[in-house]
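Visitor: Let me give you the structure first, and then I'll get to my questions.
The values are calculated or read from the model by the stated rules, or taken from the named source; none is laboratory data. Being a predicted model, the structure only gives us computed values, none of them experimental. Because the Cβ atoms are built from the backbone with ideal geometry, glycine has one as well, and the counts that use them run over all protein chains shown.
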């Protein structure tokens, strides 16, 4: 039996259970405990996972097994988190039609790199607690500084990477509306010994499929934007929202889509500069014009 299989079996046990025993590994691979001790020493000195040069594995006499300290557990959870991201991207970007990636597909991923122009960092220890609570289907006590009441009980349902920023989806205790929380803004988190009671997973799937600016308690409005020049060719190939409609009219591409909040939509349109022109609804057109006029006045004043 290859040593790598034993090492990753031990790592899996640390991830899933937080503990492993020599007997557990010995029975699984039919080897001596002396060999397992050598595997433990290997993980302590030359962990095979890139970015984790060593793991601080210690024997817990009270639990009668081997465990990791808090920091190393968080590092290991972050590694798994990145693996989940890589596999999710491979499916979402149609790099693979397999929902469960085969060894050959994983090998093919060596040729792929996913880069972003910007991202938000977060405390890996917060993620470790959050991901563990989600796996155990437990509620969490969340400290989120933007609230008037900063500590609330949340039912964590799903993590979504949107625009290279990680968001947590979940309702408050006793509420059926799914709120969004930026993981980087979470200051403190505590797993509670309370089961998640949320059941409307169809709603969760709908939100996940149309995530971002398209979902809010406020309801949707239809927004129409006219793209010309280089923006026309770019946007024609893009899907901003699954229910969008687009048509070519003369030398322009007219995009209409439902949206519940125009904050991010405004930024997207401004990105295309003079090649983008909002056409509806009227209040958004006026808001856009005010923004552009304000920008122009600022730079005109600087030139003077």
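Visitor: Consider residue 46 carefully, then state whether it is outside the structural domain of residue 78 (by TED's automatic domain parsing) and either in contact with a helix residue (DSSP H, G or I) (Cβ under 9 Å, 6 or more places away or on another chain) or touching a residue at least 60 places away in the same chain (Cβ under 8 Å) (or both).
Guide: Spelling it out, it is not the case that residue 46 is outside the structural domain of residue 78 (by TED's automatic domain parsing) and either in contact with a helix residue (DSSP H, G or I) (Cβ under 9 Å, 6 or more places away or on another chain) or touching a residue at least 60 places away in the same chain (Cβ under 8 Å) (or both).
Visitor: Here's something else I'd like to know. In the list 168, 192, which residue meets the criterion of being within 25 Å of residue 12 (Cβ to Cβ), part of a strand (DSSP E or B) and at pLDDT 85 or above?
Guide: Selected residue: 168, the only one of 168, 192 that is within 25 Å of residue 12 (Cβ to Cβ), part of a strand (DSSP E or B) and at pLDDT 85 or above.
Visitor: Does any residue of the stretch 232-242 turn out to be touching a helix residue (DSSP H, G or I) at 6+ places or on another chain (Cβ under 8 Å), part of a helix (DSSP H, G or I) and surrounded by fewer than 16 Cβ atoms within 10 Å (Cβ to Cβ)? Lay out the reasoning, then the answer.
Guide: First pass over the stretch 232-242, keeping only residues touching a helix residue (DSSP H, G or I) at 6+ places or on another chain (Cβ under 8 Å): 232, 240, 242.
Add one more test, that the residue is part of a helix (DSSP H, G or I), and what stays is 232.
From the residues that got through so far, the ones that are surrounded by fewer than 16 Cβ atoms within 10 Å (Cβ to Cβ) too are none.
Among the residues of the stretch 232-242, not one is touching a helix residue (DSSP H, G or I) at 6+ places or on another chain (Cβ under 8 Å), part of a helix (DSSP H, G or I) and surrounded by fewer than 16 Cβ atoms within 10 Å (Cβ to Cβ), which makes the answer no.
Visitor: Anything in the stretch 190-211 that is within 13 Å of residue 155 (Cβ to Cβ) and in contact with a strand residue (DSSP E or B) (Cβ under 8 Å, 6 or more places away or on another chain)? List them, or say none.
Guide: 191, 192, 194, 195, 196, 198, 204
Visitor: Could you tell me whether any residue of the stretch 257-265 is at pLDDT 85 or above, surrounded by 12 or more Cβ atoms within 10 Å (Cβ to Cβ) and farther than 30 Å from residue 123 by Cα?
Guide: Checked the stretch 257-265: at least one residue is at pLDDT 85 or above, surrounded by 12 or more Cβ atoms within 10 Å (Cβ to Cβ) and farther than 30 Å from residue 123 by Cα.
Visitor: Any idea how many residues of the stretch 12-43 are at pLDDT below 85 and in contact with a helix residue (DSSP H, G or I) (Cβ under 7 Å, 6 or more places away or on another chain)?
Guide: Of the residues in the stretch 12-43, 1 are at pLDDT below 85 and in contact with a helix residue (DSSP H, G or I) (Cβ under 7 Å, 6 or more places away or on another chain).
Visitor: Output the residues belonging to the stretch 247-278 that are outside any helix (DSSP H, G or I) and touching a helix residue (DSSP H, G or I) at 6+ places or on another chain (Cβ under 7 Å).
Guide: If we filter the stretch 247-278 for residues that are outside any helix (DSSP H, G or I), which is where we start, we get 247-261, 272, 276-278.
Matches in the stretch 247-278: 252, 253, 255, 259, 272, 276, 278.
Visitor: Taking into account only those residues within the stretch 53-72 that are modelled with pLDDT under 90 and surrounded by fewer than 16 Cβ atoms within 10 Å (Cβ to Cβ), which is nearest to residue 132 (Cα to Cα)?
Guide: Only one residue fits best here, namely 70.
Visitor: Also, I was wondering about something else. Scan the stretch 195-231 residue by residue and report those that are at pLDDT 85 or above and either under 23 Å from residue 140 (Cα atoms) or part of a helix (DSSP H, G or I) (or both).
Guide: Residues satisfying the conditions are 195, 196, 197, 198, 199, 200, 229, 230, 231.
Visitor: Could I ask something else about it? Please pick out the residue among 61, 28 that is outside the structural domain of residue 136 (by TED's automatic domain parsing) and farther than 28 Å from residue 125 by Cβ.
Guide: Only one candidate qualifies: 28.
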